[in-house]
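A quick write-up on the structure given underneath.
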Amino acid sequence: CGAYGNRNFWAFYTSWFGDPRTYTIPATANRVDGATRYDVAKNIALSAYPSGASTVYVANGENFPDGLVSAPAAALVDAPLLMTTPTMLPLPTAQAIQLLRPTSIVVVGGTASVSDEVYAQLE
């Protein structure tokens, strides 16, 4: 059973995804940095969306679960993910939003993650 199972797995895997032995990893990498996590998020967003973005996601930058779970949702709709503090909109985030000129902003989390004051600034 084990040998046939392995053979069947290999047959299905290679028919769906191709032969993994032929995959090569690109040799180039780009480093995006900044003084703070908010600067890094801004720089990534502006680098990935130089012409702007119709939608921007904003999540709490001090508590990683909000950003972690919202990243795939932002990627699904081809939107950058920016970060804020719960009580104030950091300058790099505000600058990124102004430069990206989104028509909609998705705020991730409730008032404990992003206060009503920050939400009002985002509007």
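Comparison of A53, A74, A79, A96 shows that the only residue that is farther than 18 Å from D116 by Cβ, out of contact with any helix residue (DSSP H, G or I) (no Cβ under 9 Å at 6 or more places or on another chain), modelled with pLDDT of 95 or more and surrounded by 14 or more Cβ atoms within 10 Å (Cβ to Cβ) is A74.
Based on this model, can you work out whether D66 counts as acidic (D, E) and assigned to a loop (DSSP other than H, G, I, E, B)? The answer is no for D66.
Once segment 1-40 is narrowed to residues that are without any contact (Cβ under 8 Å) to a residue 12 or more places away in the chain and among the acidic types (D, E), the residue that is most open to solvent (accessible area, probe 1.4 Å) is D33.
The residue of segment 56-71 that is farthest from G34 (Cα to Cα), among those that are of a type in the set (S, T, N, Q) and modelled with pLDDT under 95, is S70. The residues in segment 56-71 that are aliphatic (A, V, I, L, M) and open to solvent by less than 30 Å² (accessible area, probe 1.4 Å) can be counted, and the count is 3.
The values are calculated or read from the model by the stated rules, or taken from the named source; none is laboratory data. Please read these numbers as outputs of a predicted model, since none were measured by experiment. Cβ: placed from backbone, ideal geometry, glycine included. Neighbour counts: every protein chain shown. Each accessible area value is taken on the protein alone, full model and side chains, heavy atoms only, with ligands, DNA and RNA left out. Shrake-Rupley method; radii C 1.70, N 1.55, O 1.52, S 1.80 Å.
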